[in-house]
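> After the structure tokens below, expect a handful of questions from me.
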Amino acid sequence: SNSLTIVFSPLPNKFILKGYKFKTSVLYVNEKVFSYFTYDYLNLIQYILNVIEENNFSNINLTGSSKGSFAAINIGVGLAHKLRNKKINVVAFSPQAFIYPINKDIKGLPSYKDVLNRSNESLCFLEDLKNFGDPISRINKVNIKVNIIYGSDHDRDRVEAEKYLGIKNVVLHPLEDYPFHTSILLYTKKGDSLVKALSNKAAAANKDDQ
């Protein structure tokens with residue numbers, strides 16, 4: 001295949017969508033320590049560029065859920081700066097819009113609190129956060145297509161998605177009446193497995209996302 005799909009996990013030391021049958025080559029990415037994939041950003045970009053070059057991929061797709069979808073957009077923008085002649089497409093499920101400057105609308109997320117605390121302890125961590133924490137400020141300058149999928153009834157996800165309103169290469173896809181952060185479920189599970197996943201999510205609604 002001349003196409004590569006890069007899947008970013010929102011969970012440390014775990015991959016997502018390993019059981020999903022992609023029609024492209026796939027690269028699964030996670031991180032050991034929460035940084036929303038901003039820490040060591042340039043090295044990650046270079047690693048992915050090497051994979052693309054070595055395999056002569058011409059179409060690059062990036063996806064993820066929550067923090068992973070923020071990374072899909074953010075890394076996609078970084079790749080687009082380097083790969084002017086490649087097609088780069090992002091499908092982002094319920095992403096955060098930006099993490100630096102401080103995003104007051106997600107300050108309650110435990111993982112975001114961890115990132116901010118770590119930035120106070122590590123200058124390198126803080127520098128990468130400052131330089132690569134806001135894809136919105138860099139997205140208009142590159143050739144990239146981004147589709148953002150989110151539940152219209154999940155207040156925080158709707159607020160974050162609508163921060164991309166008016167950006168020409170971003171299309172918003174609200175899922176009407178969907179109240180959960182896990183918009184990716186509707187695209188990756190079917191039948192009984194979807195019912196079970198949604199039932200579990202409803203039962204744990206007070207722990208909707210971390």
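The values are calculated or read from the model by the stated rules, or taken from the named source; none is laboratory data. Since this is a predicted model, take the numbers as computed values, not measurements. Don't worry about glycine lacking a Cβ; one is built from the backbone with ideal geometry, like all the others, and counts go over all protein chains shown. Heavy atoms of the whole protein, side chains included, go into the accessibility calculation; ligands, DNA and RNA do not. Shrake-Rupley method; radii C 1.70, N 1.55, O 1.52, S 1.80 Å.
> Where the only charges are on Cβ atoms (+1 Lys, Arg; -1 Asp, Glu), what is the dipole of the range 1-132 about its Cα centre, to the nearest 20 debye?
I would put it at about 420 debye.
> Return the subset of LYS82/LYS168; LYS14/LYS145; LYS67/LYS189; LYS21/LYS163; LYS87/LYS196; LYS14/LYS189 for which the Cα-Cα distance in this structure is over 29 Å, preserving the input order.
Violating the 29 Å Cα-Cα cut-off are LYS21/LYS163; LYS87/LYS196.
> Give me the percent of accessible area attributable to carbon and sulfur for the chain, probe 1.4 angstrom.
Of the solvent-accessible surface of the chain, carbon and sulfur hold 51 percent.
> Would you mind putting 62-74, 3-15, 154-166 in packing order, based on average other-beta-carbon counts within 10 Å, highest first?
Peptide ranking by packing, descending: 62-74, 3-15, 154-166.
> Please give the FRET efficiency for LYS145 paired with CYS124, using the beta carbon to beta carbon distance and R0 = 45 Å, rounded to the nearest 0.05.
My answer for the efficiency is 0.90.
> Find how many whole Å separate the alpha carbon centroid of the range 51-96 from the alpha carbon centroid of the range 157-180.
For the range 157-180 versus the range 51-96, the Cα centre distance is 18 Å.
> Go ahead and collect, in residue order, the members of the range 73-93 whose backbone nitrogen is under 15 Å from a label point 7 Å along the Cα-Cβ direction of ASN169.
73-92
> In addition: Under the Kirkwood approximation for Rh and a Cα-based Rg, what ratio Rg/Rh is obtained for the chain?
Expressed as Rg/Rh, it is 0.94.
> Let me ask something else about it. In Å², what does the accessible area per residue of the range 1-59 work out to with a 1.4 Å probe?
Ligands and nucleic acids excluded, the figure is 58 Å² per residue.
> Hey, got the Cα dimensions of the range 1-109 along the principal axes, in Å, largest first?
Each principal axis gives a Cα extent; for the range 1-109 these are 42, 31, 22 Å.
> From a point 7 Å beyond the Cα of SER193 in the direction of its Cβ, which residues of the range 148-185 have a backbone N at a distance under 15 Å?
Those under the cut-off are 184-185.
> Can you list the HN-Hα couplings for the range 71-83, worked out from phi with the Karplus curve (6.51, -1.76, 1.60; θ = phi - 60°), rounded to whole Hz and with x for Gly and Pro?
5, 4, 5, 5, 6, x, 4, x, 5, 5, 5, 9, 10
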